[in-house]
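Step one of this worksheet: look at the structure below.
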Amino acid sequence: MDRLWYGGDYNPEQWPAEVWDEDVRLMQRAGVTIATVGVFSWATLEPQDGRFEFGWLDDVLDRLHAGGIRVDLATATASPPPWLVHEHPDVLPVTEDGVVLSVGSRQHYSPSSATYRRYADRLVRAVAERYRSHPALEAWHVNNELGCHVHRDYSDESAAAFRRWLEHRYGDVATLNEAWGTAFWSQAYSSFDEIRPPRTAPTFRNPTQLLDFDRFSSDAWLEVYRAETAILREVSPGVPITTNLMGFFKPLDYWRHAALLDFVSDDHYVDPADPAAPVIAAMTRDLMRSLGGGKPWILMEQSTSAVNWRRRNAPKPPGMYRALSLQAVARGADGVMQFQWRQSRAGAEKFHSAMLPHGGEDTRIFRETVALGQELAGLSDLVGTRLTAPVAIVLDWDSWWALEQAATPAELSYQRLLLRWYRELWRRGVLVDFVRPDGDVEGYRVVIAAGTQVLPQAAQDRLAGYVRGGGTLVVGYQTAILDEHLHVLLGGYLGALRDVLGIRIEEFAPPAEPSVTGGPVPALELAGLAAGSAQEWGEVVRVAGAEVLSTFAGGMLDGLPAITRNGSGAGAAWYVATAPDDLGAVVDRVLAEAGVEPGVPETPDGVEAVRRGDRLFLLNHTDHEVEAAGTRLEPHGSAVLPTGATADDGRAD
Ligand code: GAL
């Protein structure tokens, strides 16, 4: 499309046909350019086994087309109809405790179910054959939020699929035993037939088995996507295909998933009550751009105001819906879509906000919807433009899964670890890409790897080579501790990074709360760079050539290195062994040394500035009026200013 996508999920099957004309009229008023249709319409499209009813959908698509509205057409496979479950209860997923999940909500199927696959394939083929030539068709929307509710399925059918997956990965059971470290706790297997998914067990389960089940489960959802796209490509070649991702979604390895999408799309629901919402949203937008290798992406779902699935659901204050929408565009989105177009009258989402609320046209939300549609229409020239980031943060699903397992030195949140670094860069107006640990990092002035606990040899070598070639690598604690089988990198951890960092780690020493009497986790103290308190983590670092910029003060770590820097080849490698409250001081030094300039004017706290193409986006995420870059912004107000020039990308030559 030569316009930005603007619209939302459209579920006309929830409404009588009389409403459909009003929908199109109001969509036009709101500047809607495209609607996502049919996501949950399986039971309406196929009310009985093999009996398809397309008349109503023909009618809806024709009306949308007549109204100039394009269609992102769903394959409708996300919620199998009750008749299917009634005939084939084997499609239902099973939890790790052995509970069979029932019909009556949605996504009640196992990704490994052959029966589900057969029925879903038949539906996808029927929908694709029916609509492949429809003039409103813009894109195919496969299923919906794969893995959203059922992250992993522990049914017998999945168990068999897991065994096949393991055989393919390891070839023979001896290799698996070695990888899983089954000499521990008498876990050795004599054949693949003995292996089960890591169901609920008396205590800590085998870590590598858990990791492999995470990998397998992510792949199982990938197979659902693959199977549907194979049919779509055969029947409807040339039409772009996507499925909606869910931001920093732990269960699915989005590097693997995104590689299969024609364009990346994302569903993101910030909590308006969370002060960190804007930075979390910004980080997620940057992830989506990165997953697509820098290509424009689509914000496929967000709410205009409150959701209905938190314990308490705060509305978005006036201006926030616009600011977060413009933020997505500024960070590379070619579209802003909502869940959903018309607020439901019945069902589990009737209290979820929409573009057209229960109150109808004469409402704040509809007015904001109309105004945003007009504004986005004026930004069409940005379609297709790309951004370039000078800094990259490593993101790795294996590390996420491993770091957050049980039986570790301390409970850590991978996302929070990344957010800490991201936030400092965001505050400084520095654009960030995310990269895989073995991804292409040449060209970034700074690469940050924090909590990348699993670092296979190839990735270690790649990052070490990046430093020697002139890059600045910043390594945060719990990076390069384990290999891809979760075996420890012996001799001081860090593997090939040990040399470039000029340090080794002798012992982990996270501060801990008293487990019996209770109380908060005590803080640590730092002297030197980032002096003051530090949180969450400490360790015994021994230098082997690195310069010590900061030390721990007090306690058993007193005087030991907390932040180090080591020149190596043409570059430098930093190590940060804790979470300093003043992480900004570290980031300032690193950016200055690496010659990274923000490329946007400095703004007050809580005001985000981003350049895309020849526009400067100023977003006031605070609830007070501010002045930024010579512009007055209301509470939650935004401005999109022409810059007259494209942003200097600030990347190394
Ligand atoms: C998403 C889903 C939508 C809707 C929305 C509500 O998970 O794709 O169908 O349920 O959340 O926030």
Report those helices (runs of 4 or more DSSP H) wholly inside segment 122-235 carrying at least 2 residues which are more than 30 Å from Leu489 (Cα to Cα) and small (Gly, Ala, Ser). 156-170, 207-235
Can you tell me how many residues in segment 188-201 are surrounded by 14 or more Cβ atoms within 10 Å (Cβ to Cβ) and out of contact with any helix residue (DSSP H, G or I) (no Cβ under 7 Å at 6 or more places or on another chain)? 1
Boolean, Leu287 is within 15 Å of the ligand (Cβ to nearest atom) and in a helix (DSSP H, G or I): no
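When you scan segment 351-372, how many residues do you find that are of a type in the set (Phe, Trp, Tyr) and surrounded by fewer than 16 Cβ atoms within 10 Å (Cβ to Cβ)?
Step one: of segment 351-372, the residues of a type in the set (Phe, Trp, Tyr) are 351, 366.
After this cut, where a residue has to be surrounded by fewer than 16 Cβ atoms within 10 Å (Cβ to Cβ) as well, the list is 351.
Selection size over segment 351-372: 1.
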Search segment 434-449 for residues being in contact (Cβ under 8 Å) with a residue 24 or more places away in the chain and acidic (Asp, Glu), and hand back the single one that is surrounded by the most Cβ atoms within 10 Å (Cβ to Cβ). Asp438
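Looking at Ala230, Ala201, Ala273, which one is more than 19 Å from the chain's Cα centre (by Cα) and within 16 Å of the ligand (Cβ to nearest atom)?
Values: Ala230 fails: within 16 Å of the ligand (Cβ to nearest atom); Ala201 fails: within 16 Å of the ligand (Cβ to nearest atom).
Ala273 is the lone residue from the list that is more than 19 Å from the chain's Cα centre (by Cα) and within 16 Å of the ligand (Cβ to nearest atom).
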Residues in segment 589-618 that are over 23 Å from Leu376 (Cα atoms) and without any contact (Cβ under 8 Å) to a residue 40 or more places away in the chain total 2
Give me the residue from segment 619-633 that is touching a residue at least 24 places away in the same chain (Cβ under 8 Å) and of a type outside the set (A, V, I, L, M, F, W, C) and, out of that set, least open to solvent (accessible area, probe 1.4 Å). Asn620
Matching residues, segment 450-464, being small (Gly, Ala, Ser) and open to solvent by less than 40 Å² (accessible area, probe 1.4 Å): Ala450, Gly451, Ala459, Ala464
Would you check if Arg342 is surrounded by fewer than 19 Cβ atoms within 10 Å (Cβ to Cβ) and not aromatic (Phe, Trp, Tyr)? no
From Thr242, Thr229, grab the single residue that is closer than 17 Å to Asp121 by Cβ, open to solvent by less than 20 Å² (accessible area, probe 1.4 Å), in contact (Cβ under 8 Å) with a residue 60 or more places away in the chain and among the β-branched types (Val, Ile, Thr). Thr229
For Gly469, indicate whether it is over 21 Å from the mean Cα position of the chain (by Cα) and not assigned by TED's automatic domain parsing to the domain that holds Phe263. yes
Suppose the filter is crowded, with 21+ Cβ neighbours inside 10 Å and among the charged types (D, E, K, R); does Arg152 pass it? yes
Residue satisfying condition, being more than 16 Å from the ligand (Cβ to nearest atom), in the same structural domain as Arg322 (by TED's automatic domain parsing) and closer than 17 Å to Met355 by Cβ, within set Thr95, Thr115, Thr33: Thr33
Would you be able to say whether some residue in segment 373-385 is open to solvent by 50 Å² or more (accessible area, probe 1.4 Å), among the β-branched types (Val, Ile, Thr) and out of contact with any helix residue (DSSP H, G or I) (no Cβ under 9 Å at 6 or more places or on another chain)? no
Testing Met246 on (1) within 11 Å of the ligand (Cβ to nearest atom); (2) farther than 22 Å from Asp23 by Cβ; (3) in contact with a His (Cβ under 6 Å, 6 or more places away or on another chain), one condition comes back false. Which one is that? (3)
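In this structure, does Gln415 turn out to be more than 16 Å from the ligand (Cβ to nearest atom), outside the structural domain of Val60 (by TED's automatic domain parsing), touching a Pro at 6+ places or on another chain (Cβ under 8 Å) and not small (Gly, Ala, Ser)? Working first, answer last.
On the way: more than 16 Å from the ligand (Cβ to nearest atom): yes; outside the structural domain of Val60 (by TED's automatic domain parsing): yes; touching a Pro at 6+ places or on another chain (Cβ under 8 Å): no; not small (Gly, Ala, Ser): yes.
Spelling it out, it is not the case that Gln415 is more than 16 Å from the ligand (Cβ to nearest atom), outside the structural domain of Val60 (by TED's automatic domain parsing), touching a Pro at 6+ places or on another chain (Cβ under 8 Å) and not small (Gly, Ala, Ser).
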What pairs come up if the first residue lies in segment 409-433 and is at positive phi, the second is part of a helix (DSSP H, G or I) and not acidic (Asp, Glu), and their beta carbons are under 7 Å apart, counting only those six or more places apart or on different chains? none
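Quickly run through segment 529-559 and pick out the residues that are open to solvent by 30 Å² or more (accessible area, probe 1.4 Å) and of a type outside the set (Gly, Ala, Ser). Spell out how you get there, then give the answer.
Step one: of segment 529-559, the residues open to solvent by 30 Å² or more (accessible area, probe 1.4 Å) are 531, 533, 535-536, 542-545, 547-548, 551, 553-556, 558-559.
Residues satisfying the conditions are Gln535, Glu536, Arg542, Val543, Glu547, Val548, Thr551, Met556, Asp558.
Val19: touching a His at 6+ places or on another chain (Cβ under 8 Å) and either of a type outside the set (Ser, Thr, Tyr) or within 16 Å of the ligand (Cβ to nearest atom) (or both), yes or no? It would help to see each step written out before you state the result.
Details: touching a His at 6+ places or on another chain (Cβ under 8 Å): no; either of a type outside the set (Ser, Thr, Tyr) or within 16 Å of the ligand (Cβ to nearest atom) (or both): yes.
In short, no.
The values are calculated or read from the model by the stated rules, or taken from the named source; none is laboratory data. Note that the structure is predicted; figures quoted are calculated from it, not measured. Neighbour counts are summed over all protein chains in view; Cβ atoms, including those assigned to glycine, are modelled from backbone coordinates with ideal geometry. With ligands, DNA and RNA removed, areas are computed over all heavy atoms of the protein, side chains included. Shrake-Rupley method; radii C 1.70, N 1.55, O 1.52, S 1.80 Å.
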